[in-house]
Amino acid sequence: MTATATRNRPGLRPAPRAADILPRLIAPLVLAAIMLAFSVLTPTFLTGDNLLAVLNQTAILALVAAGMTVVVRSGGIDLSVGVALDLAALAAAAAIAERYVPWVAVVVGLAFGLAVGLVNAFLIVVLRIPPFLATLSVWFIGTSVQQLLTGGGAPIYLVRSQVPEGFALWGNGYLLGVPFPVVAAVLVAGVVYLALDGTRWGRELTVTGEQPGASRISGKRVGALGASAYVLAAGVAALAGVVLASRTYAFIPASGQLYVMDAIGAVFIGATLSKYGRVSVPGTMVGVLIFALLANGMNLAGLSFFWQGLARGLALLLVLLLGVVLARQRTSRVRPPATATTAVPARKG
Amino acid sequence: MKKSPLVRPAGSLAAKSLALSAAAALVLTGCSLKEPQAASNAAPASGAAAAPAAAQDIPSLEGKTVGIAAKDIVHDFSRVVYDAVQARVKELGGKVIATQAEAKDDKHVSDVENLISQKPDAIVVILGDKTTLTPALKKVDAAGIPLFTIDFQSEFSANNVTSDNWAIGSTVARTLAEDIGGKGQVLVFNGFPGVAPCRIRYNELKLVLEDYPSIKLIQPELQDKYEGTVEDAKQQVNDALRRLPKGQIDAVWSCWDIPQIGAAQAIDAAGRDEIKVYGVDAEPGALDLIADPESSYTGTVAQQTKAMGAQSADNVALFLGGQQDKVPTTSYLDPVFINKENVTEVRSELGL
Amino acid sequence: MSTAAATPQTGAAQRAPRRGAPAWLSWAGYATVLAVVLALAASSPNFLVPANLAAVLNQAAVYAIAGFGLAVVIVTGGDDVVDGGIDLSVGAVAGLAGTVAAVASQAGLPPVASIAGALAVAAAAGTVNGAAVVLGLRPLLTTLATMGIAGSLTLVISNNVKVPFTGAAFEWLRDGSLAGLPVAVVVMLVLFAVVGLGLGSTSWGVRSYAVGQNPTAAKVAGINPRKYIFNSYLISALLAGIAGLLLSARLSAAVPGVGNQILLDIILVAFMSVVFSRRLVVTITGTLVAALFIAALTNGFTLLGVASQWVGAAKGVLILVVLAVVAIRGRSDAK
């Protein structure tokens, strides 16, 4: 299958065949293989303690990636989620340092992050600047803004004993024994999943992403849909920023940058779960877990960081290659009708 | 994005952002949203750099321009020095052109080149690497511009203001060794073996440990990064804590404080109070943890950053004022070793 | 346009109205550059000095050369953000190539062999990228993976320390000059001519654009898209390798992690070239102008004494302003 073919993603779903499913199971199978390999290699890996800790460590990436999924589903990309995350962390940490009550800090943090989303939406939807360039520019601008707001990039440190509980629990609290960041990530991922795959908004967003020409028929809504995707992604990244500020009791400039590439990677690993290469929240979470468990397993197995990038890159290539090879075997037998591409998806429900 | 038919989720978002702007307005107007406690000494660190003016007969820099090229301003050391040099030059009546390279080696070289084009009366380079910068520094020399360095030595530099990194490295190392009773295992962050101060401090650690054969460095060493250091270090240490259960880690070492803030947070949360954490630089966040009796953060080293910046500016002024003989090749400023006992005292003394 | 042809190419469909923009719009980007450069020249007497201009050209070389490669990939792969051509491994491959050359020459290999080795490693990375993409992997993910692999290999072979890049040949790369210009600048101009002419005026270039804009139609026209796509990644990696050699020469050492430091600016330069194209597509000339412009901007800000914290914001805002002007004017003219 060439790049051309992956672009043809019809909105209609025929019933899956057993032979079609295998290539789509690659990512989950690799996830299972990673778990199996590391539980053999290190006794601590497959313990409840460790797995819960991995989830806790991964919550921020999971949040960012869930937001990224929405944008990619809408046919765009958001390189500026790191900026939304950072500005939210900055605002929240600054508010706590200025001794505002916790909910104000959280709200201000989210507002700063959402502002990034609104800027993106304006640039991409109103000015029609291509998403890659628009969000790349916002990345540059946001990095400058961070430096200008913090006297050149000074971290904001919060004294642990003086941080009000209502703020500290965002990153460090537990709900029924589950760390709060994990709860937040699961809730957000669940809501985003339902919104994308269970609402009219989600269906329309998918159509605008996959068939922009066709959906233009439905008029101005396209703009509102696109805008909502960028605002939502930034909002979720902002929540991740608040969690990060709370968890580290600090704002450290440019912390968000770390998550952008991994989030994009996770989203597209997730796309292999779909017959049409369509991104989805469950798929994204599989991608996030592959990255997280691989990093954790390599740390537990005592692999030097020298080799970790190599292992990660090879694992990624392996998932993708297997997916493609298996998909090829399938397409050589069953060829989807070419006319499917022109079909305008009916609005179901 | 206008008022056009917004779908439900988007609509709720719009409502949310309304609520947000209302909150923002509240923030602007009232302080009733603030925590009730009296504002104590918890103000965030600001980069203000009122240099302790020991200025008796420092010549004026009136009409002189000083170019500054800092490698980065992402951590407290370089940022405070960067601000302090600028403040002192301005105080002496000089003009400043300041650049910082966002920790990018290539941009640091470009910054120095760009400063040469501006033909300043002197150039101060803050942190850097001899290998990568030497060609650019040679050009500074060729252009006849006096060069001053902070925290790294160069053959082209008229003066280097620095802490004694060898002393810092060996003192931290032997303090660590003594604190853990001369035996045990040490987890090490060694992501920047190429950065001069880090290289020196790490080599000193190794040197000291030659005489403590019962102390082992845990393999693999961990990677500290420039971006997202605290959270990243926290995760790595969390994983290490599970890999090496109680009794297998006695201390964590790093050549700077920022990764150690994450390390100490991980260790404290895991309740592994047998582990001691050591850093360098006296980042405010690290000092907060050292001051916290519950925290595993044990020690750091304050470099007299404000004084270092001011000293460099003074040296520039002396040099340009014709008093070259008063400018030594290297001006050492004494590091201050901070532990749980003296942290409060040192903080108020040095204004950290 | 027929639906069947248009649907696979989302980017083309969105931009369709703007293609009819009047000719003067292609000058919006250049006009901005000219205005900024004139402003810089007017405010600082040191800006238009030959030595300073040479420094700016020199600083732009690494980004321009790696940017040419990325531009070829984007042209051939299409600029769709999700499935289009992108090479995130350019920075890491540049770093790896520099490190290979430095380690090889430290091991006593002659410069020619070191450089050949470095370029061979870069070509290998490009082959992996190209083969994987031709097999049907998403470029974004493939090159994300190779970026990690190349970065990791750099750590392994350099032991995560700076490897000095010494020897007369490398010093000549850094300090030497040809026809009065620094060597790196000459290399940049030669590669600009080769890649620019190749992409602009040969059948290879025309076909590459065709493949990028509509692979289905290209296939119908008898072009094998895979060949062009594969070659684009190979070219990108080789150019990244050359950029990496020049960067190491410039820093007189191979610096571990330098690939991550330069990646974003390379991407910026290649994508920014859109601003200098009437049809709003990625071009080689645009890439060169963008690289020079960004170097000039950073240099000019230093000369003006503007704090470097503003440079990032200025880059971003200027791109957005130009794009917005072009986009808005294009739309109102199309109505």
Checklist outcome for this item: For the protein assembly as shown, inverting the pair-averaged 1/r of distinct alpha-carbon atoms gives a Kirkwood value in Å of 29.4 Å
Next on the checklist: With n ≥ 4 as the cut-off for DSSP H runs, can you work out [θ] at 222 nm for the protein assembly as shown, using -39500 (n - 2.57) per run divided by the number of residues, rounded to the nearest 500?
Outcome noted: -20500 deg cm²/dmol
Checklist outcome for this item: For chain A, longest principal axis from Cα atoms; helix A:102-121 axis from its Cα atoms; angle between them, nearest 10 degrees, is 40 degrees
Item to check | Neighbour-count ranking [beta-carbon atoms within 10 angstrom, fewest first] of B:255, B:198 | outcome: B:198, B:255
Checklist outcome for this item: Beyond 20 Å (Cα-Cα) in this structure, taken from B:107/C:162; B:71/B:138; B:104/C:315; B:225/B:246; B:104/C:162, we find B:225/B:246
Item to check | Sum of side-chain charges, residue A:313 neighbourhood, beta-carbon under 15 Å (Lys, Arg +1; Asp, Glu -1) | outcome: 0
Checklist entry - What average number of partner chain Cβ atoms lie no more than 10 Å from the Cβ of the residues making up C:316-326? => result 5
Checklist entry - With a 10 Å Cβ neighbour count serving as the proxy for reagent exposure, in which order, fewest first, do C:38, B:61, B:137 appear? => result C:38, B:137, B:61
Checklist entry - Hey, any idea what the orientation-averaged projected area of the convex hull of region B:165-280's Cα atoms comes to, in nm²? => result 6.2 nm²
Checklist entry - Among A:34, A:269, A:60, which one moves the most in a GNM of chain A with springs linking Cα atoms closer than 10 Å? => result A:34
Checklist entry - How do B:227, B:204, B:62 line up, fewest other C-beta atoms within 10 Å first? => result B:62, B:227, B:204
Checklist entry - What angle do you read, to the nearest 10 degrees and between 0 and 90, between the alpha-carbon axis of helix A:221-248 and the longest principal axis of chain A? => result 40 degrees
Item to check | Within chain A, longest stretch clear of exposed trypsin sites (Lys or Arg not before Pro) (DSSP loop, no more than 15 other Cβ within 10 Å) | outcome: A:18-219
Item to check | Three-way shape call for chain C based on the alpha-carbon gyration tensor, with the a/c threshold at 1.5 | outcome: oblate
Next on the checklist: Against the 2.2 N^0.38 Å scaling, with N counting residues, where does region A:17-329 land? I'd like the Cα-based Rg ratio to two decimal places.
Outcome noted: 1.01
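Readers should treat all values here as calculations from the given coordinates under stated rules, not as data from a laboratory. Since the structure is predicted, the reported quantities are computational estimates derived from the model, not experimental observations. Every residue, glycine as well, gets a Cβ built from its backbone with ideal geometry; the counts of neighbours run over all protein chains shown.
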